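Below is one structure, written out as structure tokens, with a few remarks after it.
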Amino acid sequence: MTKVFLILHVLAAILAVGPVAVAASMFPKVLRDALAEPGAAAPVTTLRTLHRICRVYAGVGFAVVAFGFATASSMGVLNSPWLVTSIALTFVAAVVLMVLVLPRQEAALDAVSAGAGGGAGAGEGAASEEGAASAGAAVAVDARASARLAMFTGVFNLLWATVTILMIVRPGSTTGG
């Protein structure tokens, strides 16, 4: 059963974290394009798609954690330092995504959507309006906001790269890694 859990864990990581990492990394560049062309619909549509990918696949990412715990439990390594460190870094990555990346994407999307005539009702709904309103109060959408968003996305991606390395190398492991 361990191999099945491991396969599911790795597949979930590739299919859930990969799209978030790529879409979140593309968002700041497309945001700069949208800011350079106020009123243009194409960059706003792309931003909306990238944000939706990040939101949806962030939710799917919980499968990575579930299968990870199942794998670790069946391997008997739940107390291993490399795994505890990986779990902590995964938690930090999730917080970075949920607190620093997604709300800023949403606020930026709402700001450029208003400029393109799309408004918040053009596809994101009332729930995202509330989240963006609270995030938008603290985030001015300009080139600096795009740079900060790129920085937070880079931190998210570095955390996941570190977790991946720990999962492969497993320093101090006695399980034959």
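Here are some conditions: (1) touching a helix residue (DSSP H, G or I) at 6+ places or on another chain (Cβ under 7 Å); (2) closer than 30 Å to Pro171 by Cβ; (3) open to solvent by less than 60 Å² (accessible area, probe 1.4 Å). Thr85 meets all but one. Which one does it not meet?
Failed condition: (3).
When only residues in region 30-41 that are without any contact (Cβ under 8 Å) to a residue 60 or more places away in the chain and open to solvent by 70 Å² or more (accessible area, probe 1.4 Å) count, which is nearest to Trp160 (Cα to Cα)?
Ala36
Would you point out which residue out of Ala23, Ala36, Ala41 is modelled with pLDDT under 95 and in contact with a helix residue (DSSP H, G or I) (Cβ under 9 Å, 6 or more places away or on another chain)?
The match here is Ala36.
Can you tell me which condition Val99 does not meet? The list is (1) over 24 Å from Leu15 (Cβ atoms); (2) modelled with pLDDT of 90 or more; (3) among the β-branched types (Val, Ile, Thr); (4) loosely packed, with under 13 Cβ neighbours inside 10 Å, and all the others hold.
Condition not satisfied by Val99: (1).
Which residues, taken from region 42-56, are open to solvent by 40 Å² or more (accessible area, probe 1.4 Å) and in contact with a Leu (Cβ under 8 Å, 6 or more places away or on another chain)?
Arg55
Are there any pairs, at least 6 apart or on different chains, whose C-beta atoms fall under 9 Å, with the first in region 149-171 and closer than 17 Å to Phe69 by Cα and the second outside any helix (DSSP H, G or I) and hydrophobic (A, V, I, L, M, F, W, C), and if so, which?
Once the first residue is closer than 17 Å to Phe69 by Cα and sits in region 149-171, its partners that are outside any helix (DSSP H, G or I) and hydrophobic (A, V, I, L, M, F, W, C) give Arg170/Val77.
Does any residue in region 70-99 that is touching a residue at least 24 places away in the same chain (Cβ under 8 Å) and in a helix (DSSP H, G or I) come within less than 8 Å, Cβ to Cβ, of a residue that is open to solvent by less than 50 Å² (accessible area, probe 1.4 Å) and polar (S, T, N, Q) six or more places away or on a different chain, and which pairs are these?
Thr71/Thr2; Ser74/Thr2; Met75/Thr2; Trp82/Ser173
The values are calculated or read from the model by the stated rules, or taken from the named source; none is laboratory data. What you see is a predicted model, and the numbers here were worked out from it, not measured in a lab. Note that we place each Cβ from the backbone using ideal geometry, even for glycine, and neighbour counts take in every protein chain shown. Calculation scope for accessible area: heavy atoms of the full protein, side chains included, ligands and nucleic acids excluded. Shrake-Rupley method; radii C 1.70, N 1.55, O 1.52, S 1.80 Å.
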